[in-house]
Each structure stands twice: as structure tokens, then as C-alpha cells.
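Following: one structure in C-alpha cells, then a few remarks.
The values are calculated or read from the model by the stated rules, or taken from the named source; none is laboratory data. Fair warning: this is a prediction, and the values are worked out from it, not measured in the lab. Quick reminder, even Gly has a Cβ in these numbers, built from the backbone with ideal geometry, and neighbours come from all protein chains shown. Protein only, heavy atoms only, side chains kept; ligands, DNA and RNA dropped before computing areas. Shrake-Rupley method; radii C 1.70, N 1.55, O 1.52, S 1.80 Å.
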Amino acid sequence: MTEEEEEDNNSRSDGALHAVGWRRRKRRLLSPAARLHLSVLRGTHRWYKDLHVYQLEHPTQVIEWTSARTVCVAGYSPSKNEILELHLPLKIFADENKGLCAERDFKVVHGGFTDGPVRCLRYIPGTRCAVTGDGLSSNLQVWDLGGDDSDVIRRTGSIEGRRRRTGVSEGGSRIAARLLSQPQILHGAQISDVQLTELSSGQTLYQLESDSADPLSSLHFLSDTVFLAGCSNGNIYVADTRTSAAPQLSPPPASSGESVLWWTDASAGPDPSGCRVVRLSSSGQALVSDLRNPGGAVSRAQLDVQTRCCSPDNVRVSWAPVLDDCIAVSGFSGAVQIYDTSVWRSEPQEARPLFEHRGHAVSPEQSNDGVPPVLVTSHVWHPKRPRTLLSAASDGSVHVWDWVDQSAADGQTEAVEKR
């Protein structure tokens, strides 16, 4: 870098990336995965409608949709990291004549740098903004994702979290966002931290009144005003931002004495009372309940996961947005598992996955002796395509895949054969 370029980079605003330097780097930020990886997966066409495999320079724990065809990712190393907006391969959206679509690669459309790790990232619907957390404190960073006139992602501000009580350690915030004319975010690292902040002014619009120091594992808007907060100890709280009333608390079922962590997700719906909640423990126990009786379990199961490999920062559980009763689970191994909760019962039972994406577990890195096993670090469902997911792993691999329900496919084959 010349002295002029170095001076220009040093003088930029915090979090911004010099445009000339960014365009130089743009071509090498993302590339197709190793040929060995592709050859291992080549025989999987029976299980996938689409499967595209790519490699980031550094792994990510965040994948956030910014449109139906673009996602935002960012690294989590202790120092400087890239924050990127990627366009998915056009071929995956070609429902017909896929062979005529030559575009199979992700494209980096916007990018920048962060000064620290990104452990949480939320896109603000209806804007070109995102909010990130570093996993170390309750403070957040605000980013402009760029537009047609700029390919640079720039940091534009910050949001200070609520001050902790003495003796309570710092921890990373969870973030939820909703589509409003004046963008707002719900955020906090523990129950007593949760607040609603207006993005443009930084004004606090709501604070959850609670003395609890329960660390949060997730935050979800169930409607414009009602939200759910999931805690690492399995407690879930439901509150309404229109009132200062105490939140409704629902603890998890009693455990066998072992210390477990919990992760939570809530399904979307027009009526918050009809939303379903899934809670997943570090021991592999999964519970489904609804908000009419959140303390009870409509159904439950013991999942087929490798609990000894569980990494708390990587575990994810999520409802499919447009595929009834299905959840995805990851973070226990190099696989993403799909489960059909409609076959679960109120009594505990062992459950086998409906589908398992093991592509990350056959990464080329796995062939090297002494290399730690690859773990899935994040996954997300496509908001509109029923069986399309993105997943990322600790080796930097990123997969976009459209899976086939083999039980349904086999049933259709049998029906055809009987005709």
C-alpha cells in the first residue's frame, strides 16, 4: 500500500473501508471450494434439488437475509473482520432450464471491515442498515450496507446497552428488528437489559422491568408489540412493549440435575397466541409449546445429536418459515439436521432427523491429521423457498442447499409403480 493510500485509509470513519482498496480485494474474498469437496458431494443429487459449495476467507457465525437473494455475513476473529453482503447463485432461483443458467457463484456486492468480532447481526427491514454485536458487551454497532452508488459497508453509529448491576459480568446482546416507518430494535444481553431503541435518534422507547440476571439466548418479535425472550437457563419471557407490566415467565421442565443450556425459537404468525415455541437443550432435548400454555409441552423428543461436541456459540434451532412443523438444528457437529415435529408426542421419545446435511463434515480440511472437527456455526432457512437453507462452518465453508424429502419422494415413486 502506498503512503497516500495508507493515509487515506487511516483517515476514514471508523468501520468504513476505502473504496479503492475494497474493489482491489473484491475478487478474492470468495471462491469455489476445493475440488475434493465437490467430488465427495457429486453423488448427492438424489438428496438435493440444488447444492452449491463455496469458501469464505474466514468463518462466520452470522447469516442474515437482506433480501430474497442476498445475505450478510461477518467474521468473528478477535481483531479485524470482513462484513460482506453476498448475492446467492442465480442458478438456484432458475426453476426451469437450470442447465442454461451459467451463474453458479456467490457474488460479493457490498463489503467493509469491523474492528472486532461479530457474534450477532440483524438486518433492519425496509432499510439498508444492519446492527451488530461483538458478543463481549451489550453495546451495538450500526452499519450502512451501501447501495447502487457504493459497494462499501460503513459503520455509521453505535447504540449503548443498558448498564449492568454491580457484580454481573458483561456478555453479548441479542437483537430483534421489525418493519416500521421509524426503524426500531429490541436488544439486550440479559432479561434486565432488554430495551427498545429507535434507530435514528437512539431514544429508548421501552425497557423491560425485571430484576432477573438471566442471560439471553434469543429475542423474537411475535407481533408489532409482543416479543419473546429466550434465556440460556430455559426460561422464556413474553412481554408487550405497550405496557410496563411484568413479563409472563415460563420455566423449562425440571431436568435430571445436570446443568444444561437452552436455545429458543418462535414461529411467525398473524396471531401471537398461535405462535409455537421450540426449546432445545445442550443435552439434545427438544420441547414444543404454544403461547396459550408456554409452560407446558405440546410435544417433545430426544434428538439424535452429538452432545459432547456442543459449542454454545454455534448452536442454532429454527422453525421453517414456510414448511409446516419442521425445524432445523445445528452446532453439535458438522451437520445440519431437519426434524418433523408433527410426529412428536407429549411423552419423551427418540427422534430421527427427516434430513441431514453432512456436507460440511466432508470438508477437505478434515483430511489433515490433528485438525479439529469441522462444526456448523450457523444456518438460516430461506424466507420463501420451503426447503432451501444456507449454512456455514468453522472451516469457512458456506453451503446453499435445497433438500429433497426422501420419504415423500419414495412414496410418490411407489404410487407411480403401482399404476
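Atom-type composition of the exposed protein surface of the stretch 260-338 places 44 percent of the accessible area on carbon and sulfur (1.4 angstrom probe).
Working ranking of peptides 227-240, 303-316 by packing, defined as the average number of other Cβ atoms within 10 Å per residue, highest first, is 227-240, 303-316. For Gly116, what charge total do you get from the other residues with a beta carbon under 9 Å from its beta carbon, if Lys and Arg give +1 and Asp and Glu give -1? Its environment carries a net charge of -1. For the stretch 175-284, the square roots a ≥ b ≥ c of the C-alpha gyration tensor eigenvalues yield an a/c of 1.5 or more together with a/b exceeding b/c, which makes the shape prolate.
With both labels modelled 7 Å from their Cα along Cα-to-Cβ, the Gln207 to Thr156 distance reads 2.7 nm. For the stretch 354-361, putting each phi into the Karplus relation 6.51 cos²θ - 1.76 cosθ + 1.60 with θ = phi - 60° gives couplings of 5, 8, 9, 8, 9, x, 5, 6 Hz, in residue order, rounded to whole numbers and with x for Gly and Pro. Could you look at the stretch 192-242 and say what percent of its accessible area is carbon and sulfur, using a 1.4 Å probe and all protein chains? That share works out to 40 percent.
Taking all protein chains together, Glu82, Glu209 sort by accessible area into Glu209, Glu82, largest first [probe 1.4 Å]. Taking the Cα centre of the stretch 309-407 as origin, sum charge times position over the Cβ atoms of Lys and Arg (+1) and Asp and Glu (-1), and report the length of that vector in debye to the nearest 20. My answer is approximately 240 debye.
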